[in-house]
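Notes for the one structure printed next.
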Amino acid sequence: MTEQEIKKGSVGISKPSHLFLSSLVQDNENHSEDRPFVSIVEAFRFAFALGYSENKKLKSSGGKEGVAPRQFVVDDYLEILRDEVMLSGQSLGGLISEYAEYGSQEMSKKKSNGGSILDFFL
Amino acid sequence: MKLQHLFLYNIGPFRGQYPINFQSENKGNGYAFFAENNRGKTSIYNAMRWCLFGEVSERAKTADGKRYEGGRIPIVGEGRILMNSFAYENDKNQEMSVVLLAEGAKGSIQITRTAKSTTTLARHDGEMAIQLDVKIGSNPIKHGREAQEAIESIFPKELERFFFIDGEALEEYTEMMRSNAMKGLKEEVNAVLGIPALIRGDADLTRIRQGIKSKIDTTVKAEKASSKARDDANRQKRVLGEKIKFADKKQSELKTVMAKLESTKELMMAHEELAPIVEQLKTLEGQIAFIKENLIDISKDKVQEAKVAWKVLLWKKGSTQYNDYLNQQEHAVKREWDAKQATDSIKQLEKDANEMTGICVECHQPLPDLEKFKQKKEKELSEQKEILKQHHLAKYESTDDLAIKIGDLAKLKPQSDSKERILRADKKWKKLVNNLETLQEQYTSLDAKLTEDAKSNLVELGEKKGRQEAMVSRREGEWRSANTEVNLAELELKRLEDKSGGPTIDKKDHKIDNIIANLIVTINNTVSSYRGKARSQVEKRATEVFQRLNNAPEVYTGVRVDKDFKTEILNSKGRPARNPSSGAVSIMTISVIDALRHVSGLDVPVFLDTPGRSLDEHHKSKLLEYFWQTEGQQFLIFAHSGEYAVDETVEKFKGKLAKAYTISLPRDQKTCFQAECRSDDVEHDAYGKKRTCNACGHEWDLTSEETLILEVPL
């Protein structure tokens with residue numbers, strides 16, 4: 001695959017993950033809950049970063065919920081994913097989505113275990 | 001009243017003392033002073049006026065070619081004065097006096113008026129002190145104002161014109177009557193009747209009445225104001241009553257609410273053991289609320305910092321690639337440098353080979369090992385070409401491509417402290433959340449200690465207490481406000497009550513007002529009645545006198561006095577005569593004045609100065625015939641010798657004259673003037689300065705200015 005043959009694709013995530021990520025968006029009525037993101041796009045970006053940093057991906061099963069493409073520009077991440085995309089032949093959005101799916105699962109597990117999202121930094 | 005004596009001292013032409021004795025054994029009331037002009041007739045006339053009234057006024061006139069201004073004649077000073085001019089100019093302490101002795105119904109009367117200078121050589125009346133002494137009968141001597149009042153009780157000043165009658169005044173009256181310019185004799189009649197006093201009384205009463213009316217009006221106004229204030233006060237009382245009732249109601253409501261509050265407090269006391277828990281719960285509620293408030297900001301900080309959290313995670317791995325690109329870039333730069341070096345070396349070596357001559361460029365000697373040197377250079381060239389070949393063969397990314405990739409990756413790079421900031425914000429948030437959870441657990445734990453009923457009761461009682469406290473506060477405010485209203489209403493009531501206590505109308509004032517009103521009416525009626533009677537009497541008397549004095553009784557039959565006291569001469573038909581003669585008018589004037597004097601009832605001597613100056617011989621004679629009688633009031637004339645001839649007059653009226661005098665200077669005497677001599681055998685000296693009586697030897701100085709008052713033998 002050449003540089004020109006890299007597909008952008010779209011980003012999306014499973015419904016449970018989408019639901020979970022939605023629960024991490026800040027709520028002005030409830031500041032005692034761990035909701036560190038201003039929007040679901042930011043939560044998705046964090047999930048993708050988590051999956052990518054751990055070099056782990058997960059294909060989502062079932063239907064997918066899209067993430068606002070205007071607010072999440074896949075080209076911004078081309079450089080770090082170029083080699084992998086060229087090797088795998090996947091679209092850039094598809095690869096990002098798999099990393100994000102994994103990240104969401106990990107975050108969900110952390111939350112379920114009583115941890116906070118930002119504990120991933122520790 | 002009859003004059004007895006007159007003493008003149010330093011007045012007019014009379015230097016020193018001049019006694020004049022009016023007592024006479026002759027029957028008759030006539031007295032005559034005959035003199036030429038400027039000998040002193042009018043001075044005696046004025047001396048008596050001054051003695052009686054303290055002042056002498058004269059009309060403006062021209063006499064002897066001189067103009068005399070009218071007005072009051074001063075005692076001393078410039079121009080015409082009362083004091084003897086020699087005394088005025090020469091005496092160090094000037095003094096002038098007149099003493100008048102008379103006999104009246106109240107006994108003897110002595111009037112002494114003296115003017116003495118208060119300074120050396122007084123030059124105006126301000127430097128003269130006047131002394132007046134009056135003794136009537138056996139009464140004590142009166143001085144000053146009392147003395148003047150005593151004089152005027154006998155010689156009323158307001159009637160002066162009826163007993164001090166001068167020829168000039170007569171002429172004026174006559175002229176006014178002739179020209180019909182006189183608006184009647186109202187003033188004269190009023191004076192004669194004593195009406196001025198009544199009119200003054202009327203004016204005084206009117207003034208008093210105005211004062212009383214003003215007082216009544218003021219009282220009425222005040223009474224009206226008081227009445228209104230009383231009405232207002234009654235209304236205000238009702239208002240005050242309502243306000244008091246309202247305040248009582250508010251007080252009652254306050255008491256009720258306070259009682260309820262006390263009851264609630266007592267109920268709350270029953271749950272006293274739970275009170276600390278409730279207090280703790282309240283404290284916890286406050287703390288929880290405070291933390292929740294803080295949590296909002298902390299949570300927002302955390303969200304803000306978490307915006308770059310993904311970069312931190314991504315960079316864990318991305319940083320390796322980034323560093324790798326940086327290394328590649330460094331190597332690429334080095335490689336490109338090496339290739340350039342090789343290219344440059346090849347070019348130099350190829351140039352050296354082509355240009356080689358075998359001669360050393362420095363020493364210019366043939367090189368010893370030329371071939372060996374050539375081989376070495378060729379080897380070096382071959383090596384450089386190999387390096388360049390290898391460089392071209394190798395596949396490396398260019399520095400530009402690497403720069404783009406590095407730039408793209410740099411966008412994902414977090415700031416160096418991002419992680420610490422995120423962790424710090426998260427830690428703060430967690431700590432606060434933990435605190436909150438701890439407090440909430442404590443709250444839940446404490447809350448569990450209260451039964452639902454107790455809690456419900458306490459909450460309910462607490463809420464009730466709060467409501468009741470608010471109600472107490474409101475009721476207190478209402479009660480205070482109502483009390484303020486009561487106080488204000490009381491103040492207003494007091495003000496109105498004070499105002500309503502004004503004066504009440506005094507019935508006495510109304511009575512006095514009515515009495516005065518009646519008095520005024522009575523006075524006016526009296527004046528009107530008197531005037532009517534007086535008019536009738538004056539007309540009757542004036543007609544009688546006129547008929548006796550008038551020399552044409554068949555033409556002019558009488559005098560008419562109308563209601564305004566305007567006088568007219570009547571003709572034979574009883575109608576007003578047209579253009580009566582001046583003599584007739586003069587006689588009418590004298591008749592009217594005498595009638596007025598008669599009606600006035602004045603019992604004083606009559607002084608007539610130059611009475612005949614405007615009368616013809618007939619009327620002059622008639623005048624004396626009428627006034628000089630064998631008895632009655634003294635009638636004194638001060639006549640110019642041109643008016644009445646002394647001898648002729650004395651001879652004609654001998655039986656009616658009490659005394660007659662001449663006033664003269666020594667040079668006027670052609671015969672001896674010694675009373676017992678009277679001889680006409682007189683000689684003049686050669687210089688005309690002295691005369692000597694051959695009969696008695698009496699000599700007199702013709703240059704002397706010493707005035708002589710000589711009694712004419714009757």
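The values are calculated or read from the model by the stated rules, or taken from the named source; none is laboratory data. Values in this document were obtained by computation on a predicted structure and should not be read as measured data. All Cβ positions, even for glycine, are placed from backbone atoms using ideal geometry, and neighbour counts span all protein chains on display.
Quick notes
- In the range B:94-115 there is no residue that is surrounded by 14 or more Cβ atoms within 10 Å (Cβ to Cβ), over 25 Å from residue B:20 (Cα atoms), modelled with pLDDT of 90 or more and within 47 Å of the chain's Cα centre (by Cα).
- Considering the range B:652-705, the qualifying strands (runs of 3 or more DSSP E), each wholly inside and each with 1 or more residues that are buried (at least 19 other Cβ atoms within 10 Å of the Cβ), run over B:657-664, B:690-693, B:699-701.
- The single condition among (1) closer than 21 Å to residue B:317 by Cβ; (2) surrounded by 20 or more Cβ atoms within 10 Å (Cβ to Cβ); (3) within 11 Å of chain B (Cβ to nearest Cβ) that residue A:24 does not satisfy is (1).
- Taken over the range B:294-314, the residue count meeting the criterion of being within 8 Å of chain A (Cβ to nearest Cβ) and either outside any helix (DSSP H, G or I) or touching a Phe, Trp or Tyr at 6+ places or on another chain (Cβ under 9 Å) (or both) is 12.
- Among the residues of the range B:317-352, the ones that are facing another protein chain (nearest Cβ under 8 Å) and either crowded, with 17+ Cβ neighbours inside 10 Å or among the small types (Gly, Ala, Ser) (or both) come to 2 in all.
- Test: residue in the range A:5-12 that is buried (at least 19 other Cβ atoms within 10 Å of the Cβ), away from every other protein chain (no Cβ under 14 Å), of a type outside the set (Gly, Ala, Ser) and within 15 Å of the chain's Cα centre (by Cα): no
- For the range B:457-516, filtered to residues that are surrounded by fewer than 16 Cβ atoms within 10 Å (Cβ to Cβ) and among the small types (Gly, Ala, Ser), the residue that is nearest to residue B:273 (Cα to Cα) is B:462.
- Residue match in the range B:272-282 (condition: more than 14 Å from every other protein chain (Cβ to nearest Cβ), under 24 Å from residue B:428 (Cβ atoms) and in a helix (DSSP H, G or I)): no
So that you can scan it fast, the table gives a plain yes or no per residue for (1) surrounded by 19 or more Cβ atoms within 10 Å (Cβ to Cβ); (2) more than 26 Å from residue B:144 (Cβ to Cβ); (3) touching a helix residue (DSSP H, G or I) at 6+ places or on another chain (Cβ under 7 Å); (4) of a type in the set (A, V, I, L, M, F, W, C):
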position	(1), (2), (3), (4)
B:16	no, yes, no, no
B:21	no, yes, no, no
B:32	yes, yes, yes, yes
B:59	no, yes, yes, no
B:71	no, no, no, no
B:79	no, yes, no, no
B:83	yes, no, no, yes
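- Cβ-Cβ under 7 Å pairs, at least 6 apart or on other chains, the range A:102-120 side within 13 Å of residue A:21 (Cβ to Cβ) and away from chain B (no Cβ under 13 Å), far side surrounded by fewer than 16 Cβ atoms within 10 Å (Cβ to Cβ) and polar (S, T, N, Q): none
- Residue check for residue B:713: surrounded by fewer than 19 Cβ atoms within 10 Å (Cβ to Cβ) and either aromatic (Phe, Trp, Tyr) or modelled with pLDDT of 90 or more (or both): no
- Total residues in the range A:32-64, condition at the interface with another protein chain (Cβ under 7 Å from one of its Cβ atoms) and among the β-branched types (Val, Ile, Thr): 1
- Qualifying residue in the range B:448-455 (condition: surrounded by 13 or more Cβ atoms within 10 Å (Cβ to Cβ) and in a loop (DSSP other than H, G, I, E, B)): yes
- Within the range A:65-85, being more than 14 Å from residue A:17 (Cα to Cα), hydrophobic (A, V, I, L, M, F, W, C) and within 14 Å of another protein chain (Cβ to nearest Cβ) holds for A:72, A:73, A:74, A:78, A:80, A:81, A:85.
- Verdict on residue A:89 being away from every other protein chain (no Cβ under 13 Å) and at positive phi: yes
- Matching entry among B:658, B:675, B:639 (being out of contact with any helix residue (DSSP H, G or I) (no Cβ under 8 Å at 6 or more places or on another chain), among the hydrophobic types (A, V, I, L, M, F, W, C) and modelled with pLDDT of 85 or more): B:658
- Residue count for the range B:666-704, restricted to those that are among the acidic types (Asp, Glu) and over 30 Å from residue B:30 (Cβ atoms): 5
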